[in-house]
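Each remark here refers to the structure printed beneath this line.
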Amino acid sequence: MFADVPAHLGDVSYLNGLLSGCMKNVKIRLDNVSKTFETQVGRIEVLPPTTLEVCENEFVVVTGPSGCGKTTLLNLIAGFCEPTGGGITVDGRPVTGPGPDRMLMFQEPALFPWLNVVDNVMFGLKNKPGLKRGECIAIARRFIEMVGLARFEKARIHELSGGMKQRVALARALAPDPKIILFDEPFGSLDALTRERLYAQLQEILAASPKTALFVTHNVREAACLGDRVMVMTSRPGRIKAELPVLLPRPRDFYDPEVSKIAGRILSELRSELQNEEDSKYETGKNNRNPVLHADPAYLAGGV
């Protein structure tokens, strides 16, 4: 099981901690969940029957080719759409719709431009019973400080950079204290330096306030840096083709050589999937729209 564990991870207490983490309560369970959409061109199967378990306070990353159903998977868990088959439970209870125990952080910040930073972060607290305005402000300020924006709590959204907006969105998702946070490529549009800072901040925040997280990304180094496990999906219909544990201590540096090694393994799984897709298109005489990646994996693992 631990054949590929780096030498510096041979600490028995650390490995015991990883094993005990695997035996925690299951927070999210997908039992043969499938999703099919009816369109003008017919039925499109996005997810075949899929089974997945995510443990309490575990950080699971999902990656795969575009259109393989990663976002659909998040929407199903969030309760924004219903599965065609199978069932989803959170803490053993069926998911029948959206709930305050699950927060979804989108690719774009989706902030309210007519509200300032503190009012945006407070927005989700309005539905928490028994909280007075002063308590809401105190909670909002706590998370605004966590993401490093204490000096900008009164700023309007148009006055913020893209990275600052995404940090506000992160604070807003954390403020209501959800049990589960679902991330849909939240850092994909940011520059490399801003992303690197957010990786470090996110790890610090979740260490201080543990959550169960499911994170969708196309960036293999991002997946290796953040995840406890990385699930690699096939092209549509998206089934889980590989599950890669990340046995590295936290906090992790985005440019750590060990992170790069795991990113290379993830990339190899993706490249084999793209190759299979290429072969299939060639055999059926279709146009090649998704060329095989021929660059060096160590280069591509940087998420360029």
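Nothing in this text is a laboratory measurement; each read-out follows from the coordinates by a stated rule. Everything numeric in this text was worked out from a predicted model, so none of it was measured. So basically every Cβ, Gly included, is an ideal-geometry build from the backbone, and we count neighbours across all protein chains shown.
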Response to the item:
Farthest towards the positive end of the dipole of segment 69-143, among Gly87, Cys136, Leu104 and with Cβ unit charges of +1 on Lys and Arg and -1 on Asp and Glu, lies the Cα of Cys136
Practice prompt. Could you work out the per residue convex hull volume over the alpha carbons of segment 134-248, in cubic angstrom?
Written response: 125 Å³
Practice prompt. Rounded to whole Hz and in sequence order, give me ³J(HN,Hα) for segment 106-117 from the Karplus expression 6.51 cos²θ - 1.76 cosθ + 1.60, θ = phi - 60°, writing x for Gly and Pro.
Written response: 7, 5, 9, x, 6, 8, 8, x, 7, 10, 7, 4
Item to complete: Would you mind computing, in nm to one decimal, how far apart the modelled labels at Glu53 and Phe106 are, each placed 7 Å from Cα along Cα→Cβ?
Response: 3.4 nm
Fill in: Extension gain (nm, one decimal) between Thr36 and Ser189, 0.36 nm per residue minus Cα-Cα
52.2 nm
Discussion item. My understanding is that a pair violates if its Cα-Cα distance is over 24 Å; which of Lys35/Lys211; Lys165/Lys241; Lys165/Lys261; Lys70/Lys128; Lys27/Lys165; Lys126/Lys154 do that in this structure?
Written reply: Lys35/Lys211; Lys165/Lys241; Lys165/Lys261; Lys70/Lys128; Lys27/Lys165
Item to complete: Normalise the Cα radius of gyration of segment 30-78 by 2.2 N^0.38 Å (N = residues in it) and let me know the number.
Response: 1.27
Practice prompt. Assuming R0 = 25 Å, can you tell me the calculated FRET efficiency for the pair Glu135 and Thr89, based on Cβ-Cβ distance, to the nearest 0.05?
Written response: 0.20
Item to complete: Would you tally the net charge around Gly92, using a Cβ to Cβ cut-off of less than 10 Å, leaving Gly92 out, and scoring K and R as +1, D and E as -1?
Response: +2
Fill in: Relative contact order of segment 59-117, pairs being alpha-carbon contacts under 8 Å that are 6 or more residues apart, as %
25 percent
Discussion item. Taking 2.2 N^0.38 Å as the expected size of a compact globular protein, what ratio does the Cα radius of gyration of segment 71-145 give against it, to two decimals?
Written reply: 1.35
